[in-house]
Amino acid sequence: MSKKNLIMSPVGDNSFHKEWISGNPEFDLILLYYENNDEIFSNYTKDALMCIKQKGQKLSLVKAFINDNFELVSKYEYVWLPDDDISISADNLNNLFNIAKEYNLCICQPSVISSDGNVSHDITRPRKGLKLRFTNFVEVMMPLFDIKSLLLLYDDFNLSESSWGLDASWSHRLNYPKDKIAIIDEISALHTKPVGSDYSRFKISPNYDLNNILQKYGIHFTMENYSSVILGCGLVNKFLYTKHICKEKWRKVKRSWQ
């Protein structure tokens with residue numbers, strides 16, 4: 001193993017992973033294929049360091065793979081766990097890993113954009129003029145972990161079939177760090193599918209999963225931005241971050257009058 005970064009993704013027949021590796025990826029790729037097309041599976045094996053067939057839900061598959069390949073996974077420094085419908089370039093992914101290392105982040109993610117403008121959590125939308133924001137939340141759709149945090153947190157990955165609630169527990173389990181969890185505004189990833197509404201594939205209601213995780217840890221969770229790094233200006237506190245956002249909104253209002 002020469003590369004220090006890994007992408008591990010459960011994928012179906014319409015995975016976007018080929019986009020992730022088009023160019024000069026500075027990371028390895030492991031695919032966990034959960035569908036039934038032998039021809040597609042054979043094609044996917046050419047794209048990845050490893051590609052295995054296994055049925056299951058996203059983070060349960062990830063946990064099983066780590067347990068079966070612990071020595072391999074534990075040699076990486078950072079591991080990104082995206083859904084397979086995420087559109088992002090290899091260059092942006094290389095930069096994402098570099099920013100995670102530069103700021104010594106435990107968990108981070110790219111900011112989220114979509115074709116229809118809808119995202120699951122407003123906190124994940126990109127903020128103009130910012131490099132990143134330190135928060136208490138990174139969405140389960142595409143978290144990037146440093147290896148120490150991943151190996152600490154992955155024991156719960158099979159406790160929520162839908163993955164709901166797990167992302168609300170991570171900050172709690174890391175003792176609420178103020179500068180180790182971040183959304184990278186400088187880099188955006190496109191969520192290519194509409195925000196989910198059909199959860200019929202799950203045997204258990206996602207809301208039950210969410211409440212189960214919150215009750216397990218006694219969490220009353222509210223998403224929060226702590227501070228930010230403004231492009232070209234360095235770290236600022238929450239007050240200056242809020243002031244920066246207000247200025248951006250005021251500029252938009254003035255432009256609308258012109």
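Here the condition is being assigned to a helix (DSSP H, G or I), touching a strand residue (DSSP E or B) at 6+ places or on another chain (Cβ under 9 Å) and over 24 Å from GLY23 (Cα atoms); of LEU132, LEU151, it holds for LEU151 alone.
Here SER169 clears all of (1) assigned to a helix (DSSP H, G or I); (2) surrounded by fewer than 16 Cβ atoms within 10 Å (Cβ to Cβ); (3) modelled with pLDDT of 90 or more except the condition numbered (2). Among residues that are farther than 18 Å from PHE27 by Cβ, among the aliphatic types (A, V, I, L, M) and at pLDDT 95 or above, ILE123 is included. Note on the range 26-89: enclosed helices (runs of 4 or more DSSP H) holding 2 or more residues that are more than 13 Å from GLY12 (Cβ to Cβ) and among the polar types (S, T, N, Q) are 38-45, 58-68. Just to be sure, is TYR44 under 21 Å from the mean Cα position of the chain (by Cα), hydroxyl-bearing (Ser, Thr, Tyr) and surrounded by 15 or more Cβ atoms within 10 Å (Cβ to Cβ)? Answer is no for this residue. Residues in the range 135-148 that are part of a loop (DSSP other than H, G, I, E, B) and in contact (Cβ under 8 Å) with a residue 40 or more places away in the chain were compared, and the one that is nearest to ALA189 (Cα to Cα) is MET142.
Can you report the number of residues in the range 90-126 which are surrounded by 15 or more Cβ atoms within 10 Å (Cβ to Cβ) and in a helix (DSSP H, G or I)? Talk me through it step by step, then tell me what you get.
Narrowing the range 90-126 to residues surrounded by 15 or more Cβ atoms within 10 Å (Cβ to Cβ): 90, 92-97, 99-100, 103, 105-114, 119, 121, 123-126.
Still in the running and in a helix (DSSP H, G or I): 90, 92-97, 99-100, 123-124.
Number of matching residues: 11.
Answer with yes or no whether SER149 is farther than 19 Å from SER228 by Cβ and surrounded by fewer than 20 Cβ atoms within 10 Å (Cβ to Cβ). So SER149 fails the test. Residues in the range 1-41 that are under 20 Å from SER89 (Cα atoms) and small (Gly, Ala, Ser) were compared, and the one that is nearest to the chain's Cα centre (by Cα) is SER9.
The values are calculated or read from the model by the stated rules, or taken from the named source; none is laboratory data. Just so it is clear, the structure is predicted and the values come from calculations on it, not from any experiment. Positions of Cβ are backbone-derived with ideal geometry, glycine not excepted, and every protein chain shown enters the neighbour counts.
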